[in-house]
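Here the structure comes first, spelled out in structure tokens, and everything after it is commentary.
FYI, it's all coordinate maths here, none of it is from the lab. All values derive from a computational prediction rather than experimental measurement. FYI the Cβ positions are ideal-geometry reconstructions off the backbone, even for glycines, and counts take in every protein chain you see.
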Amino acid sequence: MYWFLAPLLLGFACNLASAFTTSFSRRWGERRGSLLTAVLRNVLGIPIWAIGFFLAARASSPELWASGTLTTVAGWLLIGAGAGLIVTALVTIRWRAVTPSVRDVLAEGGLYAHVRHPMHAGTLLEFAGLLLVKPSATIGLACALGALWILLQTKFEEWDLVRRQPAYRDYMDRVPRFLPRFRVK
């Protein structure tokens, strides 16, 4: 029942390792460091943890609650909203998402003017939606581990971004991490 954990955790570990662009670039040069980050994230990390989620969804496990039309629709809406955030953020930062570099400029426009990590926020929405669509124990565990991974990934990436882009520290003070601030005028 829990064999899905191996690819899930391996994928998360590869993704976490991808957050060290600055260290890789200092050790092996800018081009190789950027390439290693891209391979860890895009070739290994994301595909492997996605396989873990697929296996968790296919595993036979008890349901955490009885799902109905309302929870299923809400789940798909969350998945769609998360995907929309991710795609919009990718359009804003383009290749910097695929192959981060020590030469990257700080993204402060679009969604990044309102939240520092719209792709991570979108992924969290997708995890919540997936749990509503398929409320099984294995998906619940995968989503809980996924949320923990997102929090760790964010911390590691911010640590690296401060080293790569000194202006990022001021950006962290101005812009919230996952949820935009709503101001009433």
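Within segment 142-153, count every residue that is surrounded by fewer than 18 Cβ atoms within 10 Å (Cβ to Cβ) and touching a residue at least 24 places away in the same chain (Cβ under 8 Å).
Residues that pass the stated criteria total 1.
Starting from segment 71-96, take each residue that is closer than 18 Å to Phe178 by Cβ and list its partners that are among the charged types (D, E, K, R) and surrounded by 16 or more Cβ atoms within 10 Å (Cβ to Cβ), counting only C-beta distances under 6 angstrom and pairs at least six apart or across chains.
Taking only residues 6 or more apart or on different chains, the pairs are Ile79/Glu126; Gly82/Glu126.
Inspect all residues belonging to segment 152-160 and state whether any of them is in a helix (DSSP H, G or I), under 22 Å from Ile46 (Cα atoms) and aliphatic (A, V, I, L, M).
Yes, segment 152-160 contains a residue that is in a helix (DSSP H, G or I), under 22 Å from Ile46 (Cα atoms) and aliphatic (A, V, I, L, M).
Only residues in segment 99-117 that are charged (D, E, K, R) count as the first member; pair them with residues that are in a loop (DSSP other than H, G, I, E, B) and surrounded by 14 or more Cβ atoms within 10 Å (Cβ to Cβ), Cβ under 9 angstrom, at least 6 apart or cross-chain, and list the lot.
Between residues of segment 99-117 that are charged (D, E, K, R) and residues that are in a loop (DSSP other than H, G, I, E, B) and surrounded by 14 or more Cβ atoms within 10 Å (Cβ to Cβ), the close pairs are Asp104/Gln165; Glu108/Val175; Arg116/Val175; Arg116/Arg177; Arg116/Phe178.
Looking only at segment 86-138, how many residues end up being among the charged types (D, E, K, R), closer than 24 Å to Trp65 by Cα and not in a helix (DSSP H, G or I)?
Step one: of segment 86-138, the residues among the charged types (D, E, K, R) are 94, 96, 103-104, 108, 116, 126, 134.
Remaining after also requiring closer than 24 Å to Trp65 by Cα: 126, 134.
Next, only the ones that are not in a helix (DSSP H, G or I) stay: 134.
Total satisfying the criteria: 1.
Taking the condition touching a residue at least 24 places away in the same chain (Cβ under 8 Å) and of a type in the set (Lys, Arg), does Arg164 pass?
Values: touching a residue at least 24 places away in the same chain (Cβ under 8 Å): yes; of a type in the set (Lys, Arg): yes.
In short, yes.
Suppose we filter segment 27-79 for residues that are closer than 22 Å to Gly129 by Cβ, of a type in the set (A, V, I, L, M) and surrounded by fewer than 19 Cβ atoms within 10 Å (Cβ to Cβ); how many remain?
Counting residues in segment 27-79 that are closer than 22 Å to Gly129 by Cβ, of a type in the set (A, V, I, L, M) and surrounded by fewer than 19 Cβ atoms within 10 Å (Cβ to Cβ) gives 12.
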